[in-house]
Amino acid sequence: MTRISELVIYRHFEHEEILNDMTWIMDHYQNETEDREKVRTLFFSCIHGLIDLAVSYGFEHNLWHNYLTFLLVNNENAYSKSCEIVGAVQGSINNLARHDFEIFKELYDYNFSDLSTALGTDCFQVIEDYENVDQNSKLFNKRIRDRICDLSIRLKNSRDVDEFMTDMTLFYQDFGVGKLGLHKAFRIVHREEGAEIVPITKIAHVNLEDLVGYEIAKKKLIDNTEAFVKGKKANNCLLFGAAGTGKSSSIKGILNRYYDQGLRIIEIYKHQFQDLNDVIAQIKNRNYKFIIYMDDLSFEEFEIEYKYLKAVIEGGLEKKPDNILIYATSNRRHLVRESFKDKEERDEEIHSSDTVQEKLSLVYRFGVTIFFGSPDKKEFQNIVKTLADRYHVNMPENQLYLEANRWELNHGGLSGRTAQQFIDYLLGQQ
C-alpha cells in the first residue's frame, strides 16, 4: 500500500491530482471488486497528465520520476524553506522530513511492470524512457528543466533514504525552492485574493559586457548591487537619461550576473503600486535579494500613484526589509511632471514651493541616481563598429559609418538602441 496519506510536511502539491490518482491505482488495481475499465481509464488519464506536463515543462526520460521531482522542488514548506536558508537542519523537523522522503523513495522505486500487465498495456514503458519532440519548455527555461531532470536521476539512483534526503537538501540549499528559487524574474498579477507573483520564463540573456560604453554608469550600478547581494548596505537606484541608452538592458545584465548569488527581480508597473505592500509581505522573509523593478517610470500631474511609492520606499511605520531594493528607469530626472503653474499660480496655493517639493521628494528617496546620456557622433560610431565586429558584419569601415549616420537620422537619433537596430538591419540584408 502506498502511504501518501501519511505525509506530514509535504502536502498540498501543485498538480497533485496525478499523484492521488496514480497511487490509488497502485493500491486498487488488484482488487477484483473494482471496475477494471474504470481503473484502466484512470491510468490512461494519469499517463496523459504526465505527457502534458512533459510538453509544458520540457521533461524527458522517466516522466514519473520527473513528476515526483517537480512536486518536491516546488513544495514550499517548513523544511524546504529552512534548507533554502541554512542547508541541512536539525531537530524534529529533520526527522519528519526524513519520514516523508521515505514515502517518496518508495514511489521512485515502485515497479510498474505488474500493474501494466494486469491492466493489459505497455504505455508506461514509453513514459519511462520518453523522448521529447521539443526540449524547449513553455513554462521553464532550459537551465531549470535540466536541473530538475538531473535531480530526478540522482533521486532514483540514491541507495537509501538518507542519500535521497541529502540530494534533496543540497538542491534546496543550492537553488532554493518553489518559483522564487527556480526563476530569475517575475511580474505581478492582481487577483481578487491579492497580488500573485508570476514567473517570467522568457528573458533576454543580456550581459553587462555586451553594453558598449557607459562604464562609469555601469560601475555605479554594479557596486551598489554587489553590496546588496553580499548583505551590505545599499541604496535604491534611479537610472535616468535619454531613450535607448541602455538603462533597461543594464538592469537585465545585473540580473543575469548576480542570479546565482540569490538575486531576483520583480517587475511592477505604476498602476500596480497598490499591490506593493502585498508583494513585499510575500518576499520579505525569503532567502533571496529582491529588486523591485520599475521600467520607464514617470508620472503626469494628475497621477497620484507616486504617493504609494514614496510610502513604500521610506516613510511608513514598518521598516523596508533588508532583502528588498527598488530600481527604476526613467527618461525624466524628476519623475513627476512639473509645470510653470506649480511655481507661478500663487493665487491658487499660498505655499507653492510645497507643491514643487512634494513632486521632487520622490526622486530624493533614491539614494543612487545614475545618468545615461546620449552618445556623441564619435561614441555612436564606436558602438556601431563594436557591434559590427561582434556580429561579423562585413562592410568597409567608411561605408559602415556612412550608412549608420544615414540610419540614425531617420530612426531616432544617436543611441545604443539605434546602433543595434542598424546592425540588425544589416544582418537581415546579408
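Restricting the stretch 260-280 to residues that are assigned to a helix (DSSP H, G or I) and either aliphatic (A, V, I, L, M) or closer than 21 Å to Arg417 by Cα (or both), the residue that is farthest from the chain's Cα centre (by Cα) is Leu276.
Which of the residues spanning the stretch 73-104 are within 13 Å of Thr166 (Cα to Cα) and among the aliphatic types (A, V, I, L, M)? Result: Ala88, Val89, Ala97. Look at Lys270 and say whether it is at pLDDT below 90, of a type in the set (Lys, Arg) and either under 25 Å from Ile383 (Cα atoms) or open to solvent by 10 Å² or more (accessible area, probe 1.4 Å) (or both). It is true that Lys270 is at pLDDT below 90, of a type in the set (Lys, Arg) and either under 25 Å from Ile383 (Cα atoms) or open to solvent by 10 Å² or more (accessible area, probe 1.4 Å) (or both). Considering Asn31, Asn66, Asn74, the condition of being surrounded by fewer than 18 Cβ atoms within 10 Å (Cβ to Cβ) and within 18 Å of Ile148 (Cα to Cα) is satisfied by Asn74 alone.
For residues in the stretch 38-59 being surrounded by 18 or more Cβ atoms within 10 Å (Cβ to Cβ) and at pLDDT below 90, which is farthest from Gln125 (Cα to Cα)? Only one residue tops the list, namely Tyr57. Within the stretch 174-215, the residues that satisfy the criterion of being at pLDDT below 90 and among the β-branched types (Val, Ile, Thr) are Ile200, Thr201, Ile203, Val206, Val212.
For Val229, are the conditions met, namely being surrounded by 14 or more Cβ atoms within 10 Å (Cβ to Cβ), of a type in the set (A, V, I, L, M, F, W, C) and either at pLDDT 90 or above or within 18 Å of Ile251 (Cα to Cα) (or both)? Taking the combined requirement at face value, the residue satisfies it. If you check Arg257 against the conditions, is it open to solvent by 10 Å² or more (accessible area, probe 1.4 Å), under 22 Å from the mean Cα position of the chain (by Cα) and modelled with pLDDT of 90 or more? Criteria met by Arg257. Does Leu276 satisfy being open to solvent by less than 10 Å² (accessible area, probe 1.4 Å) and free of Cβ contacts under 8 Å to residues at least 40 places away in the same chain? Judged against the criteria, Leu276 is a match. Flag: Ile370 matches the condition of being closer than 30 Å to Phe228 by Cα, at pLDDT 85 or above, touching a Leu at 6+ places or on another chain (Cβ under 6 Å) and surrounded by 15 or more Cβ atoms within 10 Å (Cβ to Cβ).
Residue pairs whose Cβ atoms lie under 7 Å apart, sitting 6 or more positions apart in sequence or on different chains, and linking a residue in the stretch 168-179 that is farther than 11 Å from Ile85 by Cα to a partner that is part of a loop (DSSP other than H, G, I, E, B) and modelled with pLDDT of 90 or more, are Gly178/Glu76. Residues in the stretch 77-107 that are buried (at least 17 other Cβ atoms within 10 Å of the Cβ) and within 29 Å of the chain's Cα centre (by Cα): Asn77, Tyr79, Ser80, Lys81, Ser82, Cys83, Glu84, Ala97, Asp100, Phe101, Phe104.
Checking the stated criteria, Ala234 turns out not to satisfy the condition of being part of a strand (DSSP E or B) and either closer than 24 Å to Asp100 by Cα or touching a residue at least 12 places away in the same chain (Cβ under 8 Å) (or both). Might you check whether a residue that is closer than 23 Å to Glu16 by Cα, β-branched (Val, Ile, Thr), out of contact with any Lys or Arg (no Cβ under 6 Å at 6 or more places or on another chain) and part of a helix (DSSP H, G or I) occurs anywhere in the stretch 102-109? So far as the stretch 102-109 goes, no, none of its residues is closer than 23 Å to Glu16 by Cα, β-branched (Val, Ile, Thr), out of contact with any Lys or Arg (no Cβ under 6 Å at 6 or more places or on another chain) and part of a helix (DSSP H, G or I).
In the stretch 11-37, the residues that are closer than 13 Å to Phe70 by Cα form Cβ pairs under 6 Å with partners that are open to solvent by less than 50 Å² (accessible area, probe 1.4 Å) and not in a loop (DSSP other than H, G, I, E, B), at six or more places apart or across chains, as follows: Phe13/Leu71; Glu14/Asn74; Ile18/Cys46; Ile18/Gly49. Do the conditions hold for Ala242, that is, is it farther than 21 Å from Asp278 by Cα and of a type in the set (A, V, I, L, M, F, W, C)? Spelling it out, Ala242 is indeed farther than 21 Å from Asp278 by Cα and of a type in the set (A, V, I, L, M, F, W, C).
Tally the residues that are more than 25 Å from Gly178 (Cβ to Cβ), touching a helix residue (DSSP H, G or I) at 6+ places or on another chain (Cβ under 7 Å) and open to solvent by 60 Å² or more (accessible area, probe 1.4 Å), restricting the search to the stretch 1-28. Total satisfying the criteria: 1.
Here Gln381, Gln420, Gln430, Gln399 are screened, and the one residue that is exposed (fewer than 15 other Cβ atoms within 10 Å of the Cβ) and either under 22 Å from Ala243 (Cα atoms) or at pLDDT 90 or above (or both) is Gln399. In the stretch 398-421, the residue that is nearest to the chain's Cα centre (by Cα) out of those that are assigned to a helix (DSSP H, G or I) and of a type in the set (Gly, Ala, Ser) is Gly416.
The values are calculated or read from the model by the stated rules, or taken from the named source; none is laboratory data. None of these values were measured; they are calculated from a predicted model. Note that we place each Cβ from the backbone using ideal geometry, even for glycine, and neighbour counts take in every protein chain shown. In case anyone asks, the SASA skips ligands and DNA or RNA and just uses the protein heavy atoms, side chains included. Shrake-Rupley method; radii C 1.70, N 1.55, O 1.52, S 1.80 Å.
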